[in-house]
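Read the structure below first, then the notes.
Laboratory data are not the source of any read-out in this text; all were calculated from the coordinates shown. Everything numeric in this text was worked out from a predicted model, so none of it was measured. Counting neighbours? That spans all protein chains shown, and the Cβs are built from the backbone with ideal geometry, glycine included.
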Amino acid sequence: MSTQHPDNANVPFFATGPAVGDDAEVHEAYYAFNRLGCDEQMWDHEGKEVDSFVVSKLLSQYGSFFKKKRLGRDVFLTLRVPNPDRERGMAKVLLEVLESIPRSFDYAKHFYHHDIAPVFEIILPMTTSAAELNRVWHYYREFVTGKADRPVIAGDVTLREWIGDFAPREIRMIPLIEDKKSMLRAHEIVEEYIRDKPLEHQRVFLARSDPAMTYGSTSAVLLLKIALHRLHLLEKKVGIPIYPILGLGSAPFRGNFKPTHFKSRLKGYPSVQTFTVQSAFKFDYPEELVRSAIRDLKNATRRDPIPVQDEEALLAVIEKISGTYARQVRALAPLINKVSQYVPSRRKRRLHVGLFGYARSVSGIHLPRAISFCAALYSVGVPPELLGLADLSRQELAFIIRHYPNFMQDMLDALQFLDTESFGMLSAGIRSDLKRTLKLIKEHVEPNPIHQALVRAIRKCLGREDTEVISGLITQAARERKFLG
């Protein structure tokens, strides 16, 4: 699944400026299908401006391709919408998106000369209950397609007779689960939602970036292991396939999913059906390498998840890491916020309050979104993967690695961007924590010399507040990493 997550260091060739938006995103969807070989494009209405006429533009501008690869049958456009229970300021955008689905159906019917639904799946972010999914599902049935047989005026023609039919009759809901409590209940949420619906399968989207930012990267991985194990048990119980989608980014903190590392991710998450191909994956590597990786991903076979040996012990480790991580982030927040203002934007976005926004309203911590959060720390030589681990014992680390076999690879990939000279700008407590973490990992990695020189230049420039220079250095460092954040 190609997505619009703005973690790319390089600006794609088809963009008209540093921040992709408008018609460039329409071309991006075509590029992902045609050149890269992706099966699916997430069309993101959450937190950003987006073209609601994407179906008509794709079919009219790239008609020869979509005659061969039918939209809704061979390649797929999946809409992510705001969650009205979490994003009140954007709640009515959901209704606009739902109303656009029958209109897109009409475009496709005219283009293909037969009934074909180019859009029929909705991703609901920050899902915490089956009720949230059911509200959207029933609203579409009752108030979008269900109004077709109602007259506009009593005794007059029906809306169907006046306007035409409304199709598809139903949509499929995909919960995007992002917080710890809901992730541990993902199997219960899905089971309750599917109970009264004759479904052939059910997809469920598990986040990686926001849990990492909220609880620490290692905690996020361990939460995923438990959630995927429980969803596998649910699949056996209900007798229909449960297809997990996993939202991995290219930064090790956000998943370490890149064209050079995808095989280790398949081994780490063998039960996942769909992986997100985010912007750094697509635009920070040679196209042929990206195409080859996507081709191999599509040919991979889904298998049973890595078994969880002791959930209670794993949950205890998650709590320990999360507590240490929260303490460290509170101390680092001023530095993160200072540096993040210089991180370049790669998508045209609205103001968005993500998952951590709700946590920080309690603790008083104000932080940027996950990509800028990561970019800020990498840009001063402090890889965020090291956070949360300082209080672990060697026995606990060994227990983690049994469930998270890619742990050492992720740490080693992050350590090449560590600059120990950055410790001088940190508090004594954070310095001590990082030294204990490095001693625990017991691995020495030679720093990337180009990246090291760039982050040292960034730190020197921070006092001068020269936006253009600092932002340019941050971009250069990101290109060296092959991801922004």
Which option, (i) 57, 25, 21; (ii) 39, 25, 21; (iii) 36, 29, 21, is the value of semi-axes √(5λ) of the Cα gyration tensor in Å that was calculated from these coordinates?
(ii)
Restricting segment 376-485 to chymotrypsin sites (Phe, Trp or Tyr not before Pro) in coil, as DSSP defines it, with at most 16 other Cβ within 10 Å:
none
Relative to the present Cα-Cα distance, how much length would full extension add between His138 and Glu49 at 0.36 nm per residue of separation?
29.5 nm
Charge dipole magnitude, Cβ of K and R +1, D and E -1 - the chain, Cα centre, debye nearest 20:
760
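Per 0.36 nm of contour for each residue apart, how much would the distance between Gln409 and Ser60 grow if the chain were fully extended, relative to their Cα-Cα spacing?
Fully extending the segment from Gln409 to Ser60 adds 121.1 nm.
Report relative contact order for segment 1-104 in percent, whole number only (criteria: Cα-Cα under 8 Å, sequence separation at least 6). Walk me through the numbers on the way to the answer.
Numbers: 105 pairs, mean separation 27.0, N = 104.
Answer for segment 1-104 is 26 percent.
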Gap in Å between the Cα centre of segment 197-223 and the Cα centre of segment 134-188?
25
For the Glu188, Ala398 Cβ pair and Förster radius 22 Å, calculated FRET efficiency rounded to 0.05 is 0.10
Relative to the longest principal Cα axis of the chain, at what angle does helix 394-403 sit, 0 to 90 degrees, rounded to 10?
30
Inter-label distance, nm, simple model (7 Å from Cα along the C-beta direction), Lys267/Glu200:
3.5
Under 8 Å for C-alpha pairs, at least 6 residues apart: give me the relative contact order for the chain, rounded to a whole percent.
17
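Just to confirm the filter: which chymotrypsin sites (Phe, Trp or Tyr not before Pro) across segment 8-42 are DSSP coil and have at most 16 other Cβ within 10 angstrom of their Cβ? The partial results should precede the final answer.
Details: sites: Phe13, Phe14, Tyr30, Tyr31, Phe33; in loops: Phe13, Phe14.
Within segment 8-42, the qualifying chymotrypsin sites (Phe, Trp or Tyr not before Pro) (loop, at most 16 other Cβ atoms within 10 Å) are Phe13, Phe14.
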Counting other Cβ atoms within 10 Å, which GluC sites (Glu not before Pro) in segment 403-485 have at most 13 and lie in a DSSP loop?
Glu443, Glu465
Can you tell me which of 229-235, 195-201 comes out highest on packing, and rank the rest after it, using the mean Cβ neighbours within 10 Å?
229-235, 195-201
Quick check: pseudo-label points 7 Å beyond the Cα along Cα→Cβ at Glu312 and Arg88, how many nm apart are they?
4.1
Part-to-part distance (alpha-carbon centres) for segment 50-70 and segment 95-122, which is given in Å:
12
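Run the numbers on segment 181-242 and let me know its relative contact order in percent, using alpha-carbon pairs under 8 Å that are six or more apart. Spell out each step's value before the answer.
On the way: 45 pairs, mean separation 29.0, N = 62.
Relative CO of segment 181-242 lands at 47 percent.
So, R0 is 45 Å and r is the distance between the beta-carbons of Glu421 and Asp304; what FRET efficiency does that work out to, to 0.05?
According to the calculation, E is roughly 0.50.
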Calculate the spin-label point distance for Ala457 paired with Ala428, positioning each point 7 Å from the Cα along the beta-carbon direction, and give it in nanometres.
3.5
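Given Lys225/Lys263; Lys48/Lys282; Lys197/Lys298, which pairs have Cα atoms separated by over 24 Å?
Details: Lys225/Lys263 17 Å; Lys48/Lys282 20 Å; Lys197/Lys298 29 Å.
Lys197/Lys298, as the Cα separations exceed 24 Å there.
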